[in-house]
Amino acid sequence: MNKSNVLISVVTSVVVMALGFMLFGGGKVVERVEKVVNLGGGNPEFSTPYLRWGDVSTFRAKTSALTQATTTICALQSPAATSTLTMASINLSVSSSTASVLTLAKAATAFATTTALNTIAIGANAQGVQVATSSVAAVGIVDNNVFAPNRWFVVGMQGGIGTFSPTGVCSAEWTVISQ
């Protein structure tokens, strides 16, 4: 066999293998398309209270307009699904003209403090922060931070004489358990 015959048989073998590879599925073309979302600057803001990430939904609520002249200064409604209260807080710039007690609670309505989650005593005209966070419940014990659909996180203010005139921010975050 001379050199030209060897060269022709090598080229023929390579062509036959390449055609067989292409015709009989030796290779698969996978196209990957990624959607890139530009969130802008360093601090993106979302106008929706829901955020779904990794198939887990969170729901957030906030008010900077605390209700004055009443004992229920903040009421935030939970999502329309069973959820757990991840974090809730009240941050008072000014509490009231008299010393009082704040109760962070959950309730079926926006006007009750049925199940207390946390309390704090606060002085007249004082600033204060109080937080209620989720806790792990022991097996068989009901966790107070599990909210039925459309229940309320409420901050109540009691004690003292005069009119309650708090200013500040009230916020809450729930993680949806079932939808």
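Assorted remarks:
- Cα→Cβ-extended label distance, 7 Å offset, between T167 and T70, nm: 2.0 nm
- Cut-off under 5 Å, modelled amide H: who pairs with S57 long-range: V176
- Relative compactness, segment 50-178, computed as alpha-carbon Rg over 2.2 N^0.38 Å: 1.06
- Residues R60, R151, R52 arranged by fewest to most Cβ contacts within 10 Å: R52, R60, R151
- With the convex hull of the Cα atoms taken as the outline of segment 57-110, the averaged projected area works out to 4.5 nm².
A short reminder: the numbers here are calculations on the coordinates, not readings from a lab. The structure presented is a predicted model; accordingly, all values stated were derived computationally and were not measured. Because the Cβ atoms are built from the backbone with ideal geometry, glycine has one as well, and the counts that use them run over all protein chains shown.
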